[in-house]
Amino acid sequence: MAAPEIKYTEEHEWVQPVGEDTVRIGITDYAQQQLGDVVFVQLPEVGQQVAAGDSMGEVESTKSVSDIYAPVTGEITAGNSALEDQPELVNSDAAGEGWMVEIRLADPEQLSGLLDAEGYQKLIDQA
């Protein structure tokens, strides 16, 4: 099971604090399994402002194209450039090397509104 500090969204993204006011975001293992083989990932530009709930990119698989939603409001501070050449990292290591972006939080309190591991497990058990 994932570390307790990781939070989750109902859109199947994980959010992990990596600094005082910065989080790293990716899609969950469950999400990558549903997508199938990922062939392309489009990420937002560094410096772009995003609002929680807004689409900020896309993941294209052999099955479909899915939006990546911003789980929090803030500024994109990093993107995982490895995904440009190796989008399959999303499949092989969704919670590690397949991370997507880092966001500087507009308000760190936003994390309290996200699901914990237990809450997320209940969500996927109902799917």
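Tabulated data
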| item | result |
| --- | --- |
| One residue from 81, 55, 61 being buried (at least 16 other Cβ atoms within 10 Å of the Cβ) and hydroxyl-bearing (Ser, Thr, Tyr) | 61 |
| In region 84-115, the residues that are touching a strand residue (DSSP E or B) at 6+ places or on another chain (Cβ under 8 Å) and among the small types (Gly, Ala, Ser) | 94, 95, 98, 106 |
| Per-region count, region 95-127, residues of a type in the set (Lys, Arg) and either within 21 Å of residue 21 (Cα to Cα) or open to solvent by less than 70 Å² (accessible area, probe 1.4 Å) (or both) | 1 |
| Test: residue in region 17-39 that is over 11 Å from the mean Cα position of the chain (by Cα), open to solvent by 60 Å² or more (accessible area, probe 1.4 Å) and polar (S, T, N, Q) | yes |
| Output for region 32-73, where each listed residue is in contact (Cβ under 8 Å) with a residue 24 or more places away in the chain, assigned to a loop (DSSP other than H, G, I, E, B) and under 22 Å from residue 124 (Cβ atoms) | 36, 37, 52, 62, 63, 64, 70, 71, 72 |
| Positions within region 18-31 being touching a residue at least 12 places away in the same chain (Cβ under 8 Å), outside any strand (DSSP E or B) and out of contact with any Pro (no Cβ under 9 Å at 6 or more places or on another chain), in sequence order | 18, 28, 29, 30, 31 |
| First in region 82-96 and more than 14 Å from residue 42 (Cβ to Cβ), second anywhere and assigned to a loop (DSSP other than H, G, I, E, B) and open to solvent by less than 90 Å² (accessible area, probe 1.4 Å), Cβ under 7 Å, 6 or more apart | 89/98; 92/98; 94/28; 95/2 |
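The values are calculated or read from the model by the stated rules, or taken from the named source; none is laboratory data. Values in this document were obtained by computation on a predicted structure and should not be read as measured data. Counting neighbours? That spans all protein chains shown, and the Cβs are built from the backbone with ideal geometry, glycine included. Protein only, heavy atoms only, side chains kept; ligands, DNA and RNA dropped before computing areas. Shrake-Rupley method; radii C 1.70, N 1.55, O 1.52, S 1.80 Å.
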